[in-house]
Amino acid sequence: MSQILVTGGTGFIGSHTCVELLANNYEIIVVDNLSNSKEAAVDRIEKISGKNIKFYQADICDYEKMTAIFKENDISAVIHFAGLKAVGESVQKPLEYYTNNIYGTLILLRAMRENGCKRIVFSSSATVYGMNNKAPYTEDMPTSATNPYGYTKVMIEQILRDCCVSDKEMSVVALRYFNPIGAHKSGLIGEDPNGIPNNLVPYIAQVAAGKLQQLSVFGDDYDTPDGTGVRDYIHVVDLAAGHVCAIEYAEKNTGFEAVNLGTGNGSSVLEVVAAYEKACGKPINKRIAPRRSGDIATCFADASKAKKLFGWEAKSDINEMCADSWNFTKLNPNGIE
Ligand code: NAD
Ligand code: UFG
């Protein structure tokens, strides 16, 4: 059976997607340089699925290594998660972000082309909708960015579109994720950020665990029902299932498609805090702080294209997402080790 190469497969979304792929009988090969994850994630994926996977600790920017991986295996499609993802850090280190994310993707695409691999599912982001569109976001809206991280997603989407123009057999699905949170029900894999988390739910999780003192709610004067920012939180297991659908779609279709993966519903910061308090059974210490620069009031998906193309829709609600996040946090006080 042909194999799926998963770049960034030991990371948060990648590890959950590996579990879904294995449950659907795909054979997988994982490439990760472990810059933001640990090799222990491989054992966890194998434990959940009861199957073995082939793991390469390698950098996607390493052309020789990537070519060797394609030569050693029979890879029919790639799911490409590998990338740096911290918005603030990308402003401080633009060259690192452009090199890792864009150069890395170019190397991967070259290795794919040289080995006749023409299918790729790419981790894009709702960040490509920029500041000028209004939610709900539809895939035909113009894309833009406000920081180097966002530009890497906009540019990689363009590179992939151009590849489809030049090779009519190429099949690309760019999945635009909204806000992935939660964890696998087993509590064996979940989000395990290095240092102090930037994102809301991992931050709340550390306050609940007693590792951080207080959540800063960035702004309560937005034009939203309770004044705090509204986002489309999606359970990472629902998101992972969307990748299996995208691979199946790419096996049967050619050309470029951008597809939102979100629930289509928004939750405010205060609603997420309330759901987390219910999940962990204790109050989350918080204060209202100034707005965070670059944040918008409201971001949620029009999720109808994924339903139409893939028959996929998200199942979990915000309470289940927070319960699963807390379960993972409780079971892994020091992260995945
Ligand atoms: P993550 O950091 O947990 O996973 C990314 C993985 O890629 C890590 O394991 C890291 O070690 C690896 N990696 C990074 N650069 C690499 C390189 N040059 N070679 C090999 N491996 C490399 O992040 P995640 O949340 O799982 O995100 C996965 C993808 O989804 C990223 O491309 C990210 O930009 C995108 N995305 C994430 C979110 C989110 O909120 N988590 C939202 C939208 C899009
Ligand atoms: N927030 C707080 N306090 C915090 C952290 C966040 O109030 O400590 C608020 C933010 O202001 C925002 C909401 O919680 O209103 C969500 O913030 P996150 O940082 O969790 O997520 P973002 O929507 O800002 O960004 C995420 C990813 C980006 C991605 C974007 C769109 O971090 O990489 O979703 O997909 F581009």
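List of remarks:
- Using the Cβ-Cβ distance between residue 115 and residue 166 with R0 set to 22 Å, the FRET efficiency from 1/(1 + (r/R0)^6) comes to roughly 0.85.
- Backbone geometry of region 292-307 corresponds, through the Karplus equation with coefficients 6.51, -1.76 and 1.60 at θ = phi - 60°, to 3J(HN,Hα) couplings of 8, 4, x, 7, 10, 5, 9, 9, 8, 8, 8, 9, 6, 5, 4, 5 Hz, x marking Gly and Pro.
- The listed peptides 232-244, 150-162, ordered by packing as a protection proxy, come out as 232-244, 150-162 (highest mean of other Cβ atoms within 10 Å first).
- Normalising the average separation of contacting C-alpha pairs (under 8 angstrom, six or more residues apart) by the number of residues puts the relative contact order of region 36-171 at 25 percent.
- When the solvent-accessible area of region 100-231 is split by element, carbon and sulfur atoms take up 50 percent of it, the probe being 1.4 Å.
- Over all pairs of different C-alpha atoms, region 152-288 has a mean inverse distance whose reciprocal, the Kirkwood radius, equals 17.3 Å.
- For region 3-154, the equivalent ellipsoid derived from the alpha-carbon gyration tensor has semi-axes of 27, 18, 16 Å in decreasing order.
- Average accessible area per residue (Å²) across the chain - probe 1.4 Å, nucleic acids and ligands excluded: 44
- Cα-based equivalent ellipsoid, region 222-304: semi-axes from gyration tensor eigenvalues, Å: 32, 17, 9
- Counting 0.36 nm for each residue step from residue 271 to residue 92 and taking away their Cα separation leaves a gain of 61.3 nm.
- The aspartates and glutamates within cross-link reach of residue 315, meaning a Cα-to-Cα straight distance under 20 Å and a gap of 8 or more places when in the same chain, are 20, 191, 232, 238, 248, 271, 302, 324.
- Pairs beyond 23 Å (Cα-Cα), from 38/330; 185/286; 65/93; 51/305; 85/118; 71/93: 185/286; 65/93; 51/305; 85/118; 71/93
- Over region 54-110, volume per residue of the alpha carbon convex hull, in Å³: 87
- Within the accessible surface of region 241-337, defined with a 1.4 Å probe on protein heavy atoms only, the carbon and sulfur portion equals 48 percent.
- Alpha-carbon geometry of the chain: the Rg and the Dmax are 19.1, 56 Å, given in that order.
- Dipole in debye (nearest 20) - the chain, about Cα centre, beta carbon charges: Lys, Arg +1; Asp, Glu -1: 220
- Rough spin-label spacing in nm, given labels placed 7 Å along Cα→Cβ, for residue 313 and residue 223: 2.9
The values are calculated or read from the model by the stated rules, or taken from the named source; none is laboratory data. Everything quoted here is computed from the prediction, not taken from an experiment. Cβ coordinates were reconstructed from backbone atoms using ideal geometry, including for glycine residues, and neighbour counts include every protein chain displayed. In case anyone asks, the SASA skips ligands and DNA or RNA and just uses the protein heavy atoms, side chains included. Shrake-Rupley method; radii C 1.70, N 1.55, O 1.52, S 1.80 Å.
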